[in-house]
1. Give me the accessible area of Thr197, 1.4 Å probe, in Å² rounded to the nearest 10.
2. Which of the chymotrypsin sites (Phe, Trp or Tyr not before Pro) found in the range 200-308 are loop residues per DSSP with 14 or fewer other Cβ atoms within 10 Å of their Cβ?
3. Can you tally the net charge around Leu145? Count Lys and Arg as +1, Asp and Glu as -1, for every other residue whose Cβ sits under 15 Å from the Cβ of Leu145.
4. Report, in whole Å, the centroid distance computed from the Cα atoms of the range 85-132 and the range 194-251.
5. Report relative contact order for the chain in percent, whole number only (criteria: Cα-Cα under 8 Å, sequence separation at least 6).
6. Run the numbers on the range 134-263 and let me know its relative contact order in percent, using alpha-carbon pairs under 8 Å that are six or more apart.
7. Over the chain, what percent of the accessible surface lies on carbon and sulfur atoms, probe 1.4 Å?
8. Looking at the chain, how many pairs of lysines come closer than 23 Å at the Cα, when each pair is eight or more places apart or spans two chains?
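The values are calculated or read from the model by the stated rules, or taken from the named source; none is laboratory data. The shown structure was predicted, so the numbers you read here are calculated from the model rather than taken from an experiment. Glycine also receives a Cβ, built like all others from the backbone with ideal geometry; neighbour counts cover every protein chain displayed. Surface areas here come from the heavy atoms of the whole protein model, side chains and all, with no ligands, DNA or RNA. Shrake-Rupley method; radii C 1.70, N 1.55, O 1.52, S 1.80 Å.
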Amino acid sequence: MSLQKKRFRYLGESLIEVNIKVTATLAIIAVFLIFLFILRESLPIFFSREVMQEITFGKFFNGIEWQPVSDKPRFSLWPIILGSLKVTLIALVFAVPAAIGAALYSSEFAGRRLKEFIKPVVELLAGIPSVVLGFFALIIMASFLKNIFGWTYRLNAINAGIALGFAVIPAIYSLAEDAINAVPRSFREAALGLGATPWQTAVKVVLPAALPGVSAAALFGMGRAVGETMVVLMAAGNAPLFSFNPLESTRTMTATIAAELGEVVFGSGHYHALFFIGLVLFLATFIINLISWSLFQGLMARMYGKGK
C-alpha cells in the first residue's frame, strides 16, 4: 500500500472516530437536557404555593386512588406503580426464559447457518413498532386468551404483559447471547474433556459462567419493559385500579402520562404531577440500566481482565 493510500485510510478512520465521539456526546447532552426539563417541570410540586394548594408530595403516597379530574382530585401513585410492577413482572416471566433459552441454543447448539438466520430474525423483532404489538394484543391476542381461559376482562395485566414480553425479547436475547459467547472456549473444552455432555456443558458450565451478563440482559429487558408505553396503553385496559389480581384491567405510569398529558391544563397541579411521574420513571430506568451495565462490565472484566 502506497504512503498516500495509508494517509487517506488514516484520515478516513480518524473522521469516523470523531463522528462517533461527537454523536455520542450529543446524545448524552440531549438526554441530560431532557432530564433537566422534566426536573424543572416537577419542582413546582415542592416549591410553588399555588401548585401545592392542589397537589403536594405527600398526596402521591396517600390513599389508593388516581383520579386527578374530579371534584376532589386524588393523586395517589400506588395504583399506577402497582400496575407498572404487575405488567413488567409478567413480561419478564414470559420473555426471560424464552430469550435466554434462544440465546443458549443459538450459541451452543445451532449450526453456523442456522445461527446466522436466528440472530438477525430475533433482532429484527426489535424493529417492530410498539403500536403494532399493542394493536395485535388489543384486537387478536386479548380475544383469543379470553375465549381460551374464560377471563372476565378481555384487557388485563396478563394480556399486556405477554405483549410487552414480545417487545423485550430481542433486547434480552442480544445481550444474553453476547454474554454466553464471551465465555472462554477452554471452559467448554474442559467440561467435555471430563465427560460432560454438550447439554450438561451448556447448562452447568457455560450458563453459570455467563450469569452476570445474563442477569444484566434480564435487567436491561426490565428497564425496557418499565419504559414501554404504547403496548400497555392499548392492551392493559387503562384502568388505574389498586388490585393485585393480574386478570383485572390496570394502568402503568407510562400509559398515564401518554393518556393524560395531551389534555391536561398547562401549569396545573395535574400537569406537574405527570412530570413528577416522568421523573420517577426516568430515575428508575436509569438505575436499572446502570446496574445492568455494571454487571455486564463485571463479566467482561472477569473473563478477559478488562472492560472496566
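1. 60 Å²
2. Phe244, Phe266
3. +1
4. 11 Å
5. 24 percent
6. 36 percent.
7. Using a 1.4 Å probe with all protein chains present, the chain comes out at 69 percent carbon and sulfur.
8. Lysine pairs, 8 or more places apart or on different chains, close enough: 7.
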